[in-house]
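Report on the structure given below.
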Amino acid sequence: MADYAIETLGLTKFFGKRNIVYNLDLRVPKGVVYGFLGPNGAGKTTTIKMLTGALKPTYGEIRILDLEMPRERVEIMRKVGYMPEKPLAYEDMTVFEFLVYMGRLSGLGREEARARARELMAYTGVGRLAFNRVRELSSGQRQRVSFASALIGDPELLILDEPTSNLDPIGRIEFIGKVLELAKAGKTVFLSSHIVSEIERTCNYVGIIKDGQMIEQGRVKDLTRFESNDYDVVVSDNARLMEFLRDKVYVREVWEEEGILRVRLDERFAERFFTEVPRFIGENGLALKLFKPHTSPLERILMKRFNAGWEE
Ligand SMILES: Nc1ncnc2c1ncn2[C@@H]1O[C@H](COP(=O)(O)OP(=O)(O)O)[C@@H](O)[C@H]1O
Ligand SMILES: [Mg+2]
């Protein structure tokens with residue numbers, strides 16, 4: 001048994017002469033929540049279509065749950081819940097009919113499919129839409145139904161292409177909670193997004209793709225280990241803390257900006273910042289009001305790698 005839920009080797013896709021995905025080695029360990037992060041047009045959807053067998057690679061190998069795509073596509077898709085970027089083709093079915101149909105396709109018996117459809121409509125917040133036709137749904141409602149359909153066969157692996165792109169802010173937060181629940185239940189989740197904060201809140205693994213090529217891949221914790229160099233701190237007496245920090249070996253620079261102390265750390269000694277500052281605050285009876293990295297670590301990696309910027 002391999003340790004990877006998804007593994008690709010040299011995955012490549014040309015459209016005509018354009019190289020859309022190039023030499024991509026995805027490694028998605030079993031049990032992780034993997035964020036496939038990249039700006040619009042980076043090649044995420046093209047990759048995902050190859051993973052799910054909707055598109056044939058120009059070159060490269062794909063193994064999913066120890067099976068080979070596309071040779072063993074049918075077996076693979078029985079174990080995979082897939083949420084495409086443009087969900088739901090069955091415009092004339094009702095939501096309930098659609099989910100039962102998808103449940104039957106994934107191998108459930110009639111009654112089981114019906115029970116599971118009801119359960120998942122409630123879970124994804126579309127219970128009231130059971131007898132609406134798909135064509136009547138808003139884009140956010142479609143995305144919820146599509147999520148339900150991805151879950152219906154109780155898959156080991158979920159492949160979700162920009163699953164929150166049409167959700168409102170509350171829907172996004174709820175969705176993140178659900179993904180974390182699925183991860184707790186032992187599922188592997190692979191999801192694409194171009195929203196850094198969402199990946200940070202949801203994923204413990206990340207692969208960053210740019211122009212069809214992987215530029216970073218690994219555990220978020222490992223990739224961001226040396227990235228949190230600027231810290232924002234607010235205490236009840238900023239001036240006093242600033243005085244304390246000024247000549248410390250772990251501080252490269254410290255200054256105040258709109259009531260917030262910005263501390264640029266020397267990463268070689270950063271550990272001491274995290275032990276000495278809380279001690280100073282405690283011993284001097286200061287109140288701690290804010291203590292956090294100035295930008296998120298993942299954002300810092302992206303800023304280094306995407307000089308030309310990032311389109312939302
Ligand atoms: N069928 C196709 N034929 C030609 N070009 C395509 C096709 N599908 C996608 N592309 C191009 O491939 C690039 C990557 O698209 P896509 O995989 O959808 O990116 P993402 O999902 O990361 O936004 C884009 O430049 C897009 O225009
Ligand atoms: Mg896409």
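The values are calculated or read from the model by the stated rules, or taken from the named source; none is laboratory data. Computed from a predicted structure; not experimentally measured. With ideal geometry, Cβ positions are generated from the backbone for all residues, glycine too; neighbour counts draw on all protein chains shown.
From the list 181, 198, 216, which residue is of a type in the set (Asp, Glu), within 23 Å of residue 29 (Cβ to Cβ), within 16 Å of ligand 2 (Cβ to nearest atom) and under 16 Å from the mean Cα position of the chain (by Cα)?
Just a single option satisfies the conditions, and that option is 198.
Is it true that residue 199 is within 16 Å of ligand 1 (Cβ to nearest atom), within 24 Å of residue 291 (Cβ to Cβ) and out of contact with any Lys or Arg (no Cβ under 7 Å at 6 or more places or on another chain)?
yes
Could you please find all residues in the stretch 75-105 being modelled with pLDDT of 90 or more, under 16 Å from residue 129 (Cα atoms) and of a type outside the set (Phe, Trp, Tyr)?
92, 93, 94, 95, 97, 99, 100
Of everything in the stretch 220-251, what is without any contact (Cβ under 8 Å) to a residue 40 or more places away in the chain and assigned to a strand (DSSP E or B)? Give them in sequence order.
Within the stretch 220-251, just 251 meets the criteria.
Does residue 209 satisfy the criteria of being surrounded by 14 or more Cβ atoms within 10 Å (Cβ to Cβ), under 16 Å from residue 299 (Cα atoms) and either modelled with pLDDT of 95 or more or in contact with a Ser or Thr (Cβ under 8 Å, 6 or more places away or on another chain) (or both)? Quick ask: steps written out before the conclusion?
On the way: surrounded by 14 or more Cβ atoms within 10 Å (Cβ to Cβ): yes; under 16 Å from residue 299 (Cα atoms): yes; either modelled with pLDDT of 95 or more or in contact with a Ser or Thr (Cβ under 8 Å, 6 or more places away or on another chain) (or both): yes.
Yes, satisfied.
Could you check the stretch 110-154 and list, in sequence order, the residues that are acidic (Asp, Glu) and either outside any helix (DSSP H, G or I) or within 16 Å of ligand 2 (Cβ to nearest atom) (or both)?
Within the stretch 110-154, 154 is the sole residue that qualifies.
Checking the structure you have, find out if any residue of the stretch 155-164 is away from ligand 2 (no atom under 16 Å from the Cβ) and among the charged types (D, E, K, R).
Taking every residue of the stretch 155-164 in turn, at least one turns out to be away from ligand 2 (no atom under 16 Å from the Cβ) and among the charged types (D, E, K, R).
Considering only residues that are surrounded by fewer than 23 Cβ atoms within 10 Å (Cβ to Cβ) and aromatic (Phe, Trp, Tyr), look in the stretch 20-62 and name the one that is farthest from ligand 2 (Cβ to nearest atom).
59
Which is within 16 Å of ligand 2 (Cβ to nearest atom) and surrounded by 15 or more Cβ atoms within 10 Å (Cβ to Cβ), of 7, 72, 85?
85
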